[in-house]
Every structure is written in structure tokens, then in C-alpha cells.
1. Just wondering, is there one or more residues in segment 37-47 that are of a type in the set (F, W, Y) and under 26 Å from L199 (Cβ atoms)?
2. Would you say A83 is touching a Leu at 6+ places or on another chain (Cβ under 9 Å), small (G, A, S) and in contact (Cβ under 8 Å) with a residue 24 or more places away in the chain?
3. State which residue is modelled with the highest pLDDT when the search covers only segment 124-138 and only residues that are assigned to a helix (DSSP H, G or I) and surrounded by 14 or more Cβ atoms within 10 Å (Cβ to Cβ).
4. Could you please find all residues in segment 321-337 being touching a Gly at 6+ places or on another chain (Cβ under 9 Å), hydrophobic (A, V, I, L, M, F, W, C) and open to solvent by less than 40 Å² (accessible area, probe 1.4 Å)?
5. Across segment 159-184, what is the total count of residues that are under 20 Å from A61 (Cα atoms), within 19 Å of the chain's Cα centre (by Cα) and outside any strand (DSSP E or B)?
6. From the list P44, P56, pick out the single residue that is open to solvent by less than 10 Å² (accessible area, probe 1.4 Å) and out of contact with any Gly (no Cβ under 8 Å at 6 or more places or on another chain).
7. Would you call E39 over 17 Å from P159 (Cβ atoms) and either crowded, with 19+ Cβ neighbours inside 10 Å or in contact (Cβ under 8 Å) with a residue 12 or more places away in the chain (or both)?
8. Within segment 102-110, identify whether any single residue is in a loop (DSSP other than H, G, I, E, B) and either of a type in the set (S, T, N, Q) or within 25 Å of F15 (Cα to Cα) (or both), and answer yes or no.
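The values are calculated or read from the model by the stated rules, or taken from the named source; none is laboratory data. Given the structure is predicted, the values throughout are model-derived calculations rather than measurements. Heads up, the Cβs are rebuilt from the backbone with ideal geometry, glycines too, and the neighbour counts pull from every protein chain shown. Heavy atoms of the whole protein, side chains included, go into the accessibility calculation; ligands, DNA and RNA do not. Shrake-Rupley method; radii C 1.70, N 1.55, O 1.52, S 1.80 Å.
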Amino acid sequence: MAAKQNTKGPAWALFDRIVARAAPGGQHRNPWVVGEHGERRFEPDFQTLCLLLGVPLLLKANTQSGVPALALDVWLSYELRCAGFEPDQTWPRAKHPRILPLPLAKLLRKLNGSDLGDKLRKIIERDGVPEVTSASASVLGKNYKKQVDVIITDWSTGPELLISTKRMDSSYGKNAPNRVEESYGDAKNLRLRHPLAALGFVFGLRSDILQKEAATAEWLFDQLIKLGREDDAYHATCAVLMEYSNGTAPTDAGEEPPEDMTREPGAEPEDDGTPADELDVDATIDQLPKVHIRLSDTPPDLLPSRFLAKIVDRVLDTTPVTMHREARKRRAQAAKA
């Protein structure tokens with residue numbers, strides 16, 4: 001497939017289809033299992049993650065497009081829905097608009113099929129509503145607003161879960177210190193205003209760092225682990241070690257696009273590249289480059305399974321038992337592995 005300057009349109013079409021195939025009819029698997037010794041653990045769907053990570057490789061999406069990092073966001077939101085959280089409550093949602101307050105989503109469901117509902121849906125999906133719908137979520141921390149990549153929030157509760165994601169596919173020694181420094185500042189900014197919210201950090205890292213810059217990898221893993229142990233930083237941190245087939249990798253166009261603190265949220269520019277209706281989505285998914293997650297080389301404290309278990313537990317432990325009933329039910333009904 002030819003490279004496009006803007007790739008979010010076709011990327012979303014592929015992301016949505018991959019997630020839909022992983023949860024047929026909107027029925028998500030229960031990720032909780034019980035091991036041989038009675039321990040409960042969270043088993044992520046790595047097959048779906050690998051497919052999602054193959055999308056930016058196929059589209060040749062560079063880092064400035066935001067698509068490589070978006071693959072992680074889509075997967076984490078999908079895993080939270082598998083854990084039992086409300087589909088419209090986990091952002092980014094599995095459909096446009098990606099950011100939509102849960103009460104408004106419930107209103108649209110109630111008005112479904114009515115003239116008023118059709119009119120309201122057209123306004124939301126076509127024009128967007130400032131401060132209501134958006135392509136991304138920005139949350140006010142202690143001193144400044146911070147774009148948060150994966151979020152559970154509501155008008156009545158405020159943020160309950162805030163996950164930031166980063167990716168690094170090259171220039172490890174140059175970029176790693178900056179990413180760690182940024183993450184420390186962002187964690188403190190968010191934690192001080194939202195001390196009860198589950199705060200997480202996920203770092204997608206190309207596995208060739210283990211061969212090319214082993215010392216940098218060792219240092220980075222150590223810093224990520226410490227980020228998840230500090231009282232004023234994250235409750236959980238994670239490393240996703242990604243191994244690409246045939247030497248493919250996202251084009252490194254420099255840093256990820258900077259956040260625009262002055263832009264008002266509005267309609268999401270989903271179709272800014274190849275129109276989605278020009279894609280044979282299922283056939284394209286079958287052609288995705290292969291990606292493998294190097295779990296055996298990931299430090300135990302940074303495993304995705306541990307991260308997801310800790311972050312879900314944190315949300316459930318800091319909310320009343322009358323909230324998130326499906327998530328509590330799924331955790332309690334963990335199946336034998």
C-alpha cells in the first residue's frame with residue numbers, strides 16, 4: 001500500500017475492524033483467569049495487539065501521524081472493555097466520535113430511532129460539540145492540562161483512570177531520557193489533582209534496542225519500574241517490547257506531534273487520508289506485517305498482564321461496590337486457566 005501523508009482515516013477503519021472481530025457482536029471475552037495455585041491474573045489478548053501494531057507498519061505511518069502510538073491506545077481501551085467497563089465509558093471508544101461523555105451516549109441510545117435522536121447524532125458525529133466531543137482527551141492536572149491517551153471518566157465522578165502511552169522505535173539513547181523526564185512531570189501533575197484516579201504509563205518499545213543499545217534498555221527498564229513505585233508517580237507502568245517482521249518499522253519523523261493546549265475540542269478528523277470506503281478492510285488485515293511481543297525479555301514488573309491487573313484493581317478498589325458492577329463480576333468469575 002502506498003504511503004500517505006495522513007493515515008488516520010484508513011488506520012481507524014482497520015483498528016475498528018480488528019477490535020470488532022475480536023469481540024463478535026460486541027461480546028468481549030473475560031480476561032481474568034485463575035492459575036494452578038489459586039492466583040488470579042489478567043491474560044491480555046496479544047493476538048489483537050499484534051494485529052493493531054501491524055496497521056501503522058502497513059500504512060507506513062510515521063511518528064508525526066500519531067498512528068503508531070494510537071495502536072496501543074486502541075488496544076488498552078479494548079482490554080478495559082474486556083475487563084467489563086462500559087463500552088462508551090472507555091476512551092478512545094470503538095467508534096466515532098472517540099471521546100463522548102457516557103451520559104450523552106446513554107441519551108443517544110434512549111433516543112435511538114427517533115427524529116430527535118437522528119438529529120442529535122448527526123450534530124455529534126458530523127460537527128462535533130466543543131468541550132463534549134473530541135479526537136483526544138485533555139485533563140487538567142495540578143498546573144496544566146495534559147492530553148491523556150486512555151481514560152475512564154464521567155461528569156459525576158471525575159477521572160477514574162488515566163493512562164499515558166509513548167512509543168520509541170529508534171534513536172533510543174537520544175530519546176529515552178527525554179521520555180522518562182516528561183513522564184515524571186506528567187505523573188506528578190496529574191496525581192496531585194486526581195490522587196484517587198488509577199494512573200498508568202505504557203511504553204511501546206521496538207525490541208531491537210536489546211541488541212543495538214542494551215545499556216539503554218537496561219536503564220530504561222529500571223526507570224520505568226521506579227516510575228511505578230514512587231508514591232507521587234504512576235500506580236502501574238508497562239513495557240511492550242515489539243518485534244517486527246522483515247525489518248519493517250514506523251518511519252521516524254522525529255518526536256510525536258506536540259499537544260496543542262489552545263485548540264478547542266471538536267469534530268474528529270477521522271478521514272484525513274485514504275477514504276475508509278476505498279479499503280477492502282478484511283483483505284487488508286490479512287496482509288498486515290507480523291508483529292511479535294517479546295514477553296520473555298520483558299521485566300516481570302513491566303509485563304502487560306501485571307499492568308492491566310493492577311490498573312483495573314485500582315479502579316475497583318477506589319470506587320463503591322455499586323459502580324462498575326460488570327467489571328467486578330468478571331473479576332470474581334475468573335475461570336480456571
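1. Scanning segment 37-47 turns up at least one residue that is of a type in the set (F, W, Y) and under 26 Å from L199 (Cβ atoms).
2. yes
3. So the residue we want is I124.
4. A327
5. The total comes to 1.
6. Result: P56 is the single residue among P44, P56 that is open to solvent by less than 10 Å² (accessible area, probe 1.4 Å) and out of contact with any Gly (no Cβ under 8 Å at 6 or more places or on another chain).
7. Spelling it out, it is not the case that E39 is over 17 Å from P159 (Cβ atoms) and either crowded, with 19+ Cβ neighbours inside 10 Å or in contact (Cβ under 8 Å) with a residue 12 or more places away in the chain (or both).
8. Checking segment 102-110: not a single residue is in a loop (DSSP other than H, G, I, E, B) and either of a type in the set (S, T, N, Q) or within 25 Å of F15 (Cα to Cα) (or both).
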